Each structure stands twice: as structure tokens, then as C-alpha cells.
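Report on the following structure.
FYI, it's all coordinate maths here, none of it is from the lab. Small disclaimer: the values here were computed from a predicted structure and weren't measured. Reconstructed Cβ throughout: ideal geometry from the backbone, glycine too, with neighbour counts over all protein chains shown.
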Amino acid sequence: MASEKPDVLVLGPAKPTIIDGLSPRFNLHKADDTEIAGSMLAEVAPRLQALAVSALPGRIDNAFMSRLPKLQIVSTFGVGYDHIDAAWAGKQGIIVTHTPDVLNEEVADTAMGLLLCTVRQLPQADRFVRRGEWVTKEFPHTQTLRDRTIGIVGLGRIGKAIARRLDAANVPVAYHGRNRQPEVAYRYYADLVEMAREVDVLLVITPGGAGTRHLINAQVLEALGPNGILINVARGSVVDEAALIEALRQKKIYAAGLDVFANEPNVPQALIDMEQVVLLPHVGSASLYTRRAMDQLVVDNLIAWADGKPPLTPVPETPWQGKWRSAAS
Ligand code: NAP
Ligand code: 8YV
């Protein structure tokens, strides 16, 4: 007998908060990614009204969504949604929701940690102690935050949480984005190259996707200069990785701290081999506390939908228009 609960496809790992939160209300189907979903899709596709995306499972593009004629909502984990063709979904009346705000402070903490690790070479100092070198010599003195201005590329929700931490640390902040923010007192640069020339650190926290692809290129790195440090907690696609490796090799910039990469989880050997680079495995939001809050927001958006209420956190490309797309369309 057909279930009366709406059919929902969970794409990605079966996380307890998501599965336990959705099970009482929905008939769940699970697939690791869009490719595996392909084989079982033929059977459930005509009934599927919702997707719960529990990690970054590869692209959810219009070809995939087109196979789900009753799709009304894609509730995705993570604030970044460059893995979803949200503009296309918006045109079809499909709502895409994401998990903003609940991770701001965590990602800002991680960005500050990565910044400090890179400037003060803390992972390198840890390795120095573990190698037993301290008994024979002093760890070399490092760069400092004390004489540096930080240029934040993307002063949004997370960028502002990072800026607050820098304010508390007495570190001057400037920012670049497509728009000046009149309510913000930090110096604004409409031109990224100009900002790179005038600051000592570029800290990147924009969305990924086509609009920001290789925003940080050879010209920007050259402008940052030999004392400059690049911190990337945005998406790997925002930085031209080959240009970054070249700039580090040729000492056109001083160091880099990276949480995100062009082809995760693969990190270029050239970066691994560089002592002046600090590498993290995309852990910006990855505390138990914050990941649980993000998972819960994936659930809460779907429960709002099932109750016929507005989505809690739709992305700008799929604004709430007062009603859900008709299940029959
Ligand atoms: P947000 O509030 O939307 O802020 C994004 C900022 O980027 C805005 O200030 C926007 O300003 C700017 N921006 C957008 N497109 C731009 C462009 N083409 N050139 C320059 N600036 C641009 O987003 P958020 O919540 O802070 O999250 C930002 C991003 O951080 C996410 O999309 C995700 O990719 C990344 N993230 C990474 C991790 C991690 O684990 N490493 C965790 C969470 C988020 P304008 O509109 O004025 O340009
Ligand atoms: C997650 C992120 O680590 O929210 C984002 O945009 O990058 C992170 O919080 C990401 O979704 C990977 O699963």
C-alpha cells in the first residue's frame, strides 16, 4: 500500500539528526549521491516532492531536478549552495533552502584560527616540538598580526563575524565586495587589485560558483606582494590554485592558509610540500555543535514545507512567493 507520508530523497550520508528528524513525517529514500540515486530514481522519481541534501554530493543540476516532476523543495546542508542550480530551480518554482547564520561564529572562529596559525606558524612550531628540535635551538621568530591590515573579500554574514574578532584583536579591516555597505565603517574597495595592494592579508569568504571563479588570480596575488598572506575559507574555486602555487613558489606572496581546495579532498602535492602553507580539510563549520544545528535546519525547512508554511531559509534565487509549487504540476 502506498505510504501517505510525502516521499523525500536524502542525498548524502544518513546523519542521525536528519534521519531521526525526518523519519516521523516522511517516507525516506536514501542515496549517497546523484549518480547512485540515478538507478533507483526511475521508481521513486514520479512521487518525489523533496530532496534533503545532507552533504555536498556532487552537482544537483537541472538535468537531475528535471527528472523529479513533483519536486517542490531542495533543503540543503551548508550555507554555500554552489552545488545546486538554484537559478534554474527558481524559474521552475522549486524552493532551495540552505543553512545560513547558524554557522557564522564557528566559521569565523576557524578563520581566525587559520589566520593565526598561518601568520604565527603555530602548526610548524608544533611539528618543531614533536621532532625534538626545541632541545637544541629556538623556533625562528615569525610574522605578526600586529602590523597587518586584513582585507576581507566578501563581508557578508561570516565576513562580519570575522571582522568583529579582528576588531577585538585591534587589527584594522578593509573589505571588497560588489557593493559598498553604507552601514559599515570599514574602508571599502570596489577594486580588488587596489585592496590587495594596500592590505597585508586577503581573507576570502565569498560564495563559490561562476560569479567568483578565480577572483583571486595571478594579478591579485602579485598586488598582495611578498609580505602578503592569503587565507581562503570560501570555496576552492574562488582562487586560481595554479596561480597561487606559482606565487608561493616564486615568493610573490609570503604564505597561505587554506581550508578549501579546487578538487577536494585532493590537495595538490605542491601545496603539501610547502612549509609556509597551512592546510585544513574543509573544517570551517565542522564542530559537533554547529553541524548539528545545520542538520536541524535542513530538517526544519522540510517540516515547514510539509506543514504548508513558508520556508525558513530560502536562497535569494528562489524567494518565497506565498505558496508552494503545485504538487500536480
Ligand atoms: P553571504 O552573507 O551571502 O556573504 C557573501 C559575501 O560575498 C557578500 O558580502 C557579497 O557581497 C560577497 N560577494 C558575493 N559575490 C561576490 C563577488 N562576485 N565578488 C566579490 N564579493 C562577492 O554569505 P556567508 O553566509 O557569509 O557565506 C559565505 C560563503 O562562505 C559561503 O557561500 C561558502 O561558500 C563559504 N563557507 C565556507 C565554509 C567552510 O567550511 N570553509 C563554511 C561556511 C561558508 P556583495 O553582494 O556586495 O558582492
Ligand atoms: C560545510 C560549508 O563544510 O556551509 C558551507 O558552505 O562550506 C561548510 O559549512 C560544507 O557544506 C561541506 O559539507
Dimensions of the stretch 38-179 along principal axes (Cα, Å, largest first)? 69, 40, 21
Measuring from the longest principal axis of the C-alpha atoms of the chain, the long axis of helix 104-120 (C-alpha) lies at a number of degrees, nearest 10, equal to 20 degrees
Any idea what the relative contact order of the stretch 174-328 is, in percent, if you count C-alpha pairs under 8 Å spaced at least 6 apart? 14 percent
Against the longest alpha carbon principal axis of the chain, how many degrees, from 0 to 90 and to the nearest 10, is the axis of helix 288-306 turned? 30 degrees
By the scheme Lys and Arg +1, Asp and Glu -1, what is the net charge of all other residues having a beta-carbon under 14 Å from that of Met112? 0
Listed by chain and number, the lysines with an alpha carbon less than 29 angstrom from that of Lys5, same-chain partners under 8 positions apart left out, are Lys15, Lys30, Lys70, Lys91, Lys309, Lys323
Cα pair distances of the chain binned at 20 Å [whole percent]: 30, 50, 19, 1
To test your reading of the geometry: what angle, between 0 and 90 degrees and rounded to tens, separates the Cα axis of helix 157-168 from the longest principal axis of the chain? 30 degrees
Among Gly257, Gly132, Gly156, determine the one that fluctuates most according to a GNM of the chain built with springs between C-alpha atoms less than 10 Å apart. Gly132
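Which ordering of Leu279, Leu56 is given by a fewest-first count of other beta-carbon atoms within 10 Å?
Leu279, Leu56
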Springs between alpha-carbon atoms under 10 Å, Gaussian network over the chain: tell me which of Glu246, Glu317, Glu138 tops the mean-square fluctuations. Glu138
For the stretch 254-329: relative contact order, % (alpha-carbon pairs under 8 angstrom, 6 or more apart): 21 percent
